[in-house]
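K.L.:
Dumping the structure here so I can ask a few things about it.
The values are calculated or read from the model by the stated rules, or taken from the named source; none is laboratory data. Just so you know, these numbers come straight off a predicted model, no measurement behind them. Cβ: placed from backbone, ideal geometry, glycine included. Neighbour counts: every protein chain shown. Ligands, DNA and RNA are excluded from the accessible area calculation, which covers all protein heavy atoms including side chains. Shrake-Rupley method; radii C 1.70, N 1.55, O 1.52, S 1.80 Å.
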Amino acid sequence: MADPRKLYIRTYGCQMNVYDSERMVEAMGAAGYVETGDAAEADMILLNTCHIREKAAEKVYSELGRLRALKADNPDLMIGVAGCVAQAEGEEIMRRQPLVDLVVGPQSYHRLPQMEARVRGGEKALDTDFPADDKFDTLRKRPKAKRGPTAFLTVQEGCDKFCAFCVVPYTRGAEVSRPPARVLEEARDLVERGVREITLLGQNVNAYHGAGEGGDWSLARLIWALNDIEGLERIRFTTSHPNDMTDDLIAAHGECAKLMPYLHLPVQSGSDRILKRMNRKHTAEGYIRLIERIRAARPDILISGDFITGFPEETEDDFRATLDLIEAVGYGQAFSFKYSTRPGTPAAERPQVDEEVKAERLHRLQDLITRQQRAVQDAMVGRTVGVLFEKPGRMAGQMVGKSDHLHAVHVTDPGLGVGDLVQVEIVESGANSLAGRVVA
């Protein structure tokens, strides 16, 4: 019997790309491939790309250049580009890098086996359509291999918000929600394979409106249905938009025991003038009042956010308004970036802020965020929290996992194993993690 072909996937960017890569492995598994962690031994290499970060496309081209040597050593090696850069660049990728055999967008990767067969037949393959057939339905049956204790599950894709800085509506398309019956089926399957925590994913996940029994379901209704799955212990979701934090979703944070006390809710700026120029359709004051409502429902919730410094036309006063908002909210985690242009987006055509000013503002913002994060983390010392252990640590007998609030926690206890969910008293706060002991 011939050895199976080997597939190597390098994943860039968000959790949705991690999920997509898992499904690509499954799709190619049906075509006789097994995954490898070594690109040098692969028969097929896929770069699953992200278009959000600065110079994303150029980073992909650089990586393709590094793969040229592998292609020279193995002319039969198949190289493909998937994801959002593939969607945005299309034929340009093949023109600039002739070594690329296939390009597939994020809505078409269920067609990978057919594309691979075409390449084996001597063709190049390009598919950046938004097909009518449901990729999730096509990939509906997952193999029954054992899984780790945590998993991502995409429930919604695309975005209708059209923020002035963002390419998602162009690379992922309009908002589409999966039917709740199929989400619940996949969730039960994951739990049967050992998963205890599921993170629901979507570019705008709290805009979820899957067609189900009794009409469209909200994200809150989906969460309550997941709450009833025996063996599923934890539920999270990301990423959300402030305008879609509905009353029932806020209430779920206070009432649903399996919904973890963590919420990633990007705001991007604290200046109403900049928020309007971003087309965010909310105000700084409205965001702060929303956070107050969420904390009233779940007082111990950890709030995470996203911030952009140096958005076109941002003044020092605009930036100071962002610092004021951060001070008012008190973030446990946050992600922050200098604004970078995305071709085809409205903000790319506007007067740009000097790069040195962007960098200086980013440094000041990150300094404030770091102080807040450390204060929140230090305040965990002495508290008892649930921790789901995911992997062994660096020390003998040490296990590492995530707390209810998504802090990394390490415990030295020879009785612990991967997948254990136990109560842990936090005894120390380090630079990037917490140390604890199991509560008997």
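K.L.:
All but one of (1) closer than 30 Å to Glu292 by Cα; (2) among the hydroxyl-bearing types (Ser, Thr, Tyr); (3) open to solvent by 60 Å² or more (accessible area, probe 1.4 Å) hold for Thr412, so report the exception by its number.
P.N.:
(1)
K.L.:
So for region 10-21 (the condition being of a type in the set (Gly, Ala, Ser) and not in a helix (DSSP H, G or I)), does at least one residue qualify?
P.N.:
yes
K.L.:
Quick one: which of Asp38, Asp76, Asp43 is charged (D, E, K, R) and surrounded by 14 or more Cβ atoms within 10 Å (Cβ to Cβ)?
P.N.:
Being charged (D, E, K, R) and surrounded by 14 or more Cβ atoms within 10 Å (Cβ to Cβ) holds for just one of Asp38, Asp76, Asp43, which is Asp43.
K.L.:
Something else: Can you work out which of the residues in region 415-440 that are touching a residue at least 24 places away in the same chain (Cβ under 8 Å) and not in a strand (DSSP E or B) is surrounded by the most Cβ atoms within 10 Å (Cβ to Cβ)?
P.N.:
For region 415-440, the residue satisfying everything is Leu416.
K.L.:
Right, something else. Which members of region 207-247 meet the condition of being farther than 15 Å from Ser177 by Cβ and of a type in the set (A, V, I, L, M, F, W, C)?
P.N.:
Trp224, Ile229, Leu232, Ile235, Met245
K.L.:
For region 320-365, which positions are open to solvent by 40 Å² or more (accessible area, probe 1.4 Å), charged (D, E, K, R) and part of a helix (DSSP H, G or I)?
P.N.:
Within region 320-365, Arg320, Asp324, Glu327, Glu349, Glu355, Glu356, Glu360, Arg364 meet the criteria.
K.L.:
Do you know which residues across region 172-186 are β-branched (Val, Ile, Thr) and open to solvent by less than 30 Å² (accessible area, probe 1.4 Å)?
P.N.:
Once the filter is applied, which keeps residues that are β-branched (Val, Ile, Thr) and open to solvent by less than 30 Å² (accessible area, probe 1.4 Å), region 172-186 yields only Val183.
K.L.:
Could you please find all residues in region 216-249 being open to solvent by less than 10 Å² (accessible area, probe 1.4 Å) and among the aliphatic types (A, V, I, L, M)?
P.N.:
Across region 216-249, the qualifying residues are Leu219, Ala220, Leu222, Ile223, Leu226, Leu232, Ile235, Leu249.
K.L.:
Testing Pro4 on (1) in contact (Cβ under 8 Å) with a residue 40 or more places away in the chain; (2) open to solvent by 40 Å² or more (accessible area, probe 1.4 Å), one condition comes back false. Which one is that?
P.N.:
(1)
K.L.:
With respect to Ala30, determine if the residue is within 26 Å of the chain's Cα centre (by Cα) and open to solvent by 70 Å² or more (accessible area, probe 1.4 Å).
P.N.:
Yes.
K.L.:
How many residues are in contact with a Lys or Arg (Cβ under 7 Å, 6 or more places away or on another chain) and within 15 Å of Ser340 (Cβ to Cβ) when one looks only at region 295-310?
P.N.:
Qualifying residue count, region 295-310: 2.
K.L.:
Follow-up question, since we're still on this one. Looking only at residues that are among the small types (Gly, Ala, Ser) and outside any strand (DSSP E or B) in region 297-319, which one is farthest from Ala408 (Cα to Cα)?
P.N.:
Filtering first and then ranking leaves Gly310.
K.L.:
Looking at Val205, Val191, Val176, which one is of a type in the set (A, V, I, L, M, F, W, C) and within 16 Å of Asn17 (Cα to Cα)?
P.N.:
On inspection, the qualifying residue turns out to be Val205.
K.L.:
Of everything in region 116-144 that's of a type outside the set (D, E, K, R) and modelled with pLDDT of 70 or more, which residue is nearest to Glu26 (Cα to Cα)?
P.N.:
Checking each candidate, the answer is Ala117.
Matching residues to (1) part of a helix (DSSP H, G or I); (2) over 21 Å from Cys159 (Cα atoms); (3) in contact (Cβ under 8 Å) with a residue 60 or more places away in the chain:
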{"position": "Thr199", "(1), (2), (3)": "no, no, yes"}
{"position": "Gln203", "(1), (2), (3)": "no, no, yes"}
{"position": "His209", "(1), (2), (3)": "no, no, no"}
{"position": "Ile235", "(1), (2), (3)": "no, yes, no"}
